[in-house]
Amino acid sequence: MNLGLAIFLIIVALLVGATAGFYGARAYMKKYFKENPPISEDMIVAMMSQMGQKPSNKKVHQVMNMMKHQQK
């Protein structure tokens, strides 16, 4: 009977740990993306406009592709 209780407690601990880990990671990712949003094309257009450049679609796509390539 003692072995059955130990196995039960191990299974309960694994379930609790997996659930806590899932929600903890989810909360961390939400906080991270709120503080560091991914860069969108609108942000690039605004940045280029502030620097005095005329943002064309070609330039915006070049910058997006360059940033995606650097992240790999």
Scope region 43-67; condition exposed (fewer than 12 other Cβ atoms within 10 Å of the Cβ), in contact with a helix residue (DSSP H, G or I) (Cβ under 9 Å, 6 or more places away or on another chain) and charged (D, E, K, R); matching residues
Lys54
Being open to solvent by less than 90 Å² (accessible area, probe 1.4 Å) and on the phi > 0 side of the Ramachandran plot, is that true of even one residue in region 22-36?
no
Residue check: is Gly17 assigned to a helix (DSSP H, G or I), without any contact (Cβ under 8 Å) to a residue 24 or more places away in the chain and either touching a Cys at 6+ places or on another chain (Cβ under 9 Å) or among the small types (Gly, Ala, Ser) (or both)?
yes
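The values are calculated or read from the model by the stated rules, or taken from the named source; none is laboratory data. What you see is a predicted model; the values in this text were computed from it and never measured. Quick reminder, even Gly has a Cβ in these numbers, built from the backbone with ideal geometry, and neighbours come from all protein chains shown. Remember, those area values only see protein heavy atoms, side chains included, never the ligands or the DNA or RNA. Shrake-Rupley method; radii C 1.70, N 1.55, O 1.52, S 1.80 Å.
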